[in-house]
1. State the percentage of accessible surface on the chain attributable to carbon and sulfur atoms; use a 1.4 Å probe and exclude ligands, DNA and RNA.
2. For a quick check, take a GNM of the chain with Cα springs below 10 Å and name the residue from Gly320, Gly338, Gly158 with the largest mean-square fluctuation.
3. To the nearest 20 Debye, how big is the dipole of the chain about its Cα centre, given +1 on the beta carbon of each Lys and Arg and -1 on that of each Asp and Glu?
4. On the full set of protein chains, 1.4 Å probe, figure out the accessible area of His62 and give it in Å² to the nearest 10.
5. With contacts defined as alpha carbon pairs under 8 Å and 6 or more residues apart, what's the relative contact order of the stretch 307-400 in percent?
6. Counting other Cβ atoms within 10 Å, keep those with at most 14, restrict to DSSP loop, and tell me which GluC sites (Glu not before Pro) in the stretch 199-285 are left.
7. Show which aspartates and glutamates lie in cross-link reach of Lys124 when reach means a straight Cα distance below 19 angstrom and same-chain residues fewer than eight apart are skipped.
8. Just to confirm, what accessible area per residue do you get for the chain at 1.4 Å probe, in whole Å²?
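The values are calculated or read from the model by the stated rules, or taken from the named source; none is laboratory data. For clarity, every value in this text was computed on a predicted model and none was experimentally measured. Neighbour counts are summed over all protein chains in view; Cβ atoms, including those assigned to glycine, are modelled from backbone coordinates with ideal geometry. Ligands, DNA and RNA are stripped out before the accessible areas are found, and what is left, the full protein with its side chains, is counted by its heavy atoms. Shrake-Rupley method; radii C 1.70, N 1.55, O 1.52, S 1.80 Å.
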Amino acid sequence: MATARVGACLLVAVMCLSCGAAAAARSPEARMHRHLKRLNKPAVKSIESPDGDIIDCVHISHQPAFDHPYLKNHTIQMRPSYHPEGLYDESKTSSADGEKPMVQLWHQNGRCSPGTVPVRRTKKDDLLRASSFRRYGRKKHTVANPMSVDPAMLNEGGHQHAISYVQGEKYYGAKATINVWDPKIEQPNEFSLSQLWILGGSFGEDLNSIEAGWQVSPDLYGDNNTRLFTYWTSDAYQATGCYNILCSGFVQINSEVAMGASIFPLSGYSGSQYDISILIWKDPKEGHWWMQFGKEYVLGYWPSFLFSYLADSASMIEWGGEVVNSQPDGVHTSTQMGSGHFPEEGFSKASYFKNIQVVDSTNNLKAPRGLGTFTEQSNCYDVQNGNNGDWGSYFYYGGPGRSSNCQ
């Protein structure tokens, strides 16, 4: 009898310990630890940036992309088969004098070695700012639809744009040189970005989008730094895709440029002007969508199987700015777009996109035909197209947000 009682007590104790362990595993702290472990891969070495970021140099085969079930046995393609200016040639992306330009702040303190990729480390505070672990690194909206202005989005604190766009053909990529600024953000849950969009499908629930540019997003990064970013989705921002490499998808091959890291230097009003060039194109042989940053860096690719419509081609290209207007205190946000100044102020005062081009079915870069413009509220943020010999197709865009003319 006593032996039975002892056995029962031991069984209860073991069950309690098991229950306690299971509860601990389900605790927010344990879930956060697991999520951080998924995002932050083992580093060969780590570099602390002057802005407080930690850049982990991760072995190329250990990057987050390979968490995707389709990529488990994927052979990394270390170079594109074709470049929009012909067969891919390493000389297209190498500096003539061999020097490496400093384009991101962390470069002041070191570089990652070949065979590794730089990954901005996700910190506990980054996850705590998100609405949920599942939503961390994901957008909450749809892309600008020039065919429809939804008054509800304006009245309920939606996203506002000032863009140029083309549609009506099959597109296999796009390019632009984008002026880089540090727009002021009023609320931590708002952002300001300047980017290009590669779009396929409808503006409903099946939209495919590949995006790249610069952004200021306190909610995502915890500061007001201007940062290089990418985004992708295959279902209109619902369940697929993410910023940078915060989920599996984008395969990075470059050891020099970190997605989500701060860009350096930045433009000043009536001062020195700086810009970045971004090219995204579809490799006609493998079908992947490649990204090049400047003349120096082919960063990597989005595998074609991630997409439905974009597995073939894009049906619309957009270039321009976007802000979140959360309508603080019931009035329009003062979050700036671009430089925070309207297009008519021109060079060194207003932000610009220049040398905007599309990639056609013959894998050649060409000027866009039938370039249109779109903005929801031109009294808050505006856009003006132009064309000349030096800049090709270009536009100035942006604005200050709330003013006497924008309430």
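1. 52 percent
2. In the Gaussian network model the winner is Gly158.
3. Using only the charged Cβ atoms, the result is roughly 1560 debye.
4. In the full protein context, His62 sits at about 100 Å².
5. For the stretch 307-400, the relative contact order is 32 percent.
6. Glu205
7. Those aspartates and glutamates meeting the cut-off are Glu29, Glu48, Asp51, Asp53, Asp56, Asp219, Asp223.
8. 43 Å²
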